[in-house]
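The values are calculated or read from the model by the stated rules, or taken from the named source; none is laboratory data. Remember, it's a predicted structure, so these values are computed and weren't measured experimentally. Cβ atoms come from the backbone with ideal geometry, glycine included; neighbour counts cover every protein chain shown.
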Amino acid sequence: MKIMRTVVIGFTLCAASIYNYVTYHYPTYSWKQKLTVTLETPQGEVSGATVVRVTWEKAIKFLPDMPGVRVKVSGEAAVVELPDGRYLFALLTDAQTAALRVFAAERMMPREPMFGHEYLPATSEVRSHLGETKSLTPGAFPTLALVADPDDPASISEVHSEDIAGLGLGYRLKAINISIGTSP
């Protein structure tokens, strides 16, 4: 009985040590980010928002060419219903780095992305900004897509943020804001 107790205690300590090692050396950073797109239209201000979960995880590299980072983004595009029946979508392109560029830009490494390692120092910074809201700069805007007729797939077109006035007289992009939270 004493040998069994020793084996169980030894196994438990070994498992706890492995868990602590992996948790410390291969951290996971996760947050929810709310993206809000606000437009001024001739009929007044309209906006649409979405909440997206972003998870960055440092991964064990079994081979040298394997990426050492896993990134998961789950959510939907933000949709703004325009007064004339059209829809403007803010797509999830670069959603995994949007908060990093706004809330932790100074911690991002200044080189081209390769496997995501250069983003890890910044990912730990984002959660310290819970509850904060900031405006995205034009270089960090998501891709915007206009659906002129929901029944016609051919009516989808990309809209550049500087060309919002092309939607019609009186249309102006007021802001694209991002906020960090743990719940919607």
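Numbers for the structure displayed
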item: Pairs with Cβ under 8 Å, 6+ apart, first in region 125-147 and assigned to a strand (DSSP E or B), second among the aromatic types (F, W, Y); result: K134/F103; L144/F89; A145/F89; L146/Y87; L146/F89; V147/Y87; V147/F89
item: Counted residues, region 151-184 - those being within 19 Å of A49 (Cα to Cα) and either surrounded by fewer than 18 Cβ atoms within 10 Å (Cβ to Cβ) or at pLDDT 85 or above (or both); result: 18
item: Any pair with Cβ under 9 angstrom, 6 or more apart, that starts in region 47-73 at a residue that is under 25 Å from V37 (Cα atoms) and free of Cβ contacts under 8 Å to residues at least 12 places away in the same chain and ends at one that is assigned to a loop (DSSP other than H, G, I, E, B) and of a type in the set (V, I, T); result: none
item: Residue check for E158: among the acidic types (D, E) and closer than 17 Å to T93 by Cα; result: yes
item: Any chance L91 is under 16 Å from the mean Cα position of the chain (by Cα), closer than 21 Å to A175 by Cα, modelled with pLDDT of 85 or more and of a type outside the set (S, T, N, Q); result: yes
item: Scan of region 137-170 for residues that are touching a Ser or Thr at 6+ places or on another chain (Cβ under 8 Å), closer than 18 Å to P83 by Cα and among the β-branched types (V, I, T), ordered by number; result: V147
